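What follows is a single structure, written as C-alpha cells, with notes after it.
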Amino acid sequence: MSKQIFVNLPVTDLKRSKAFYEAVGAANNPAFSDDTAACMVFSDTIYAMLLTHDKWRQFTSKPIVDAHADAQVLLCLSAGSRDEVIRLVEQATGAGGKPDPTPVQDYGFMYGRSFEDPDGHIWEVMWMDPSAIPHG
C-alpha cells in the first residue's frame with residue numbers, strides 16, 4: 001500500500017477555504033468533513049485537512065502562525081506538464097488566491113510556479129521531465 005499524506009492546515013473561514021480548494025481541483029470527502037474540518041482530496045495519496053482554528057487547537061497548544069506574515073512550510077504538488085502548472089496557478093488566482101508568492105522556476109527540464117491560498121499557505125506546483133535532467 002502506498003503511503004498517504006494528510007496535510008493539516010488551520011483556516012479562518014472553512015466554507016471559503018473549501019470552495020478555494022475545490023476550485024483548484026481537490027474534491028471534498030464528506031465522510032471526514034463537518035462544520036469544523038474539511039477533508040480535501042487531491043489524489044489517492046494526498047489530502048489537505050482544513051481545520052477551523054478551534055479544531056486545530058485540539059491537536060496542539062502551539063500558536064497558529066499568521067501564514068500571510070510567516071512561513072513554516074512550503075507545500076508542493078507535482079503536475080503532468082508546464083501547461084498544468086500554469087492552469088493550476090490560474091485556477092487558484094481566479095478562486096481568490098495570490099499567484100507566485102515565490103519565484104517562478106524555469107530550468108527547461110523543470111518548471112514551477114506557486115500560489116497562496118486565502119489563509120496565506122503557499123503551494124508550489126512543479127512539472128519535471130526526468131529524461132531531460134542534466135547529469136553530473
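Is it the case that some residue within region 11-30 is surrounded by 14 or more Cβ atoms within 10 Å (Cβ to Cβ), closer than 23 Å to residue 87 by Cα and among the acidic types (Asp, Glu)? Yes, that holds for at least one residue. May I ask you to list the residues in region 53-76 that are in contact with a strand residue (DSSP E or B) (Cβ under 7 Å, 6 or more places away or on another chain) and surrounded by 18 or more Cβ atoms within 10 Å (Cβ to Cβ)? Hits for region 53-76 are 55, 56.
Here region 101-136 is the region considered, the condition is being surrounded by 15 or more Cβ atoms within 10 Å (Cβ to Cβ) and acidic (Asp, Glu), and the residue that is farthest from residue 22 (Cα to Cα) is 124. Within region 125-133, at least one residue is farther than 17 Å from residue 15 by Cα and within 11 Å of the chain's Cα centre (by Cα).
Bear in mind that the values in this text are calculations on the coordinates, not laboratory data. This structure is a prediction, so every number in the text was calculated from the model and none was measured. Note: ideal-geometry Cβ built from the backbone for every residue, glycine included; neighbour counts use all protein chains shown.
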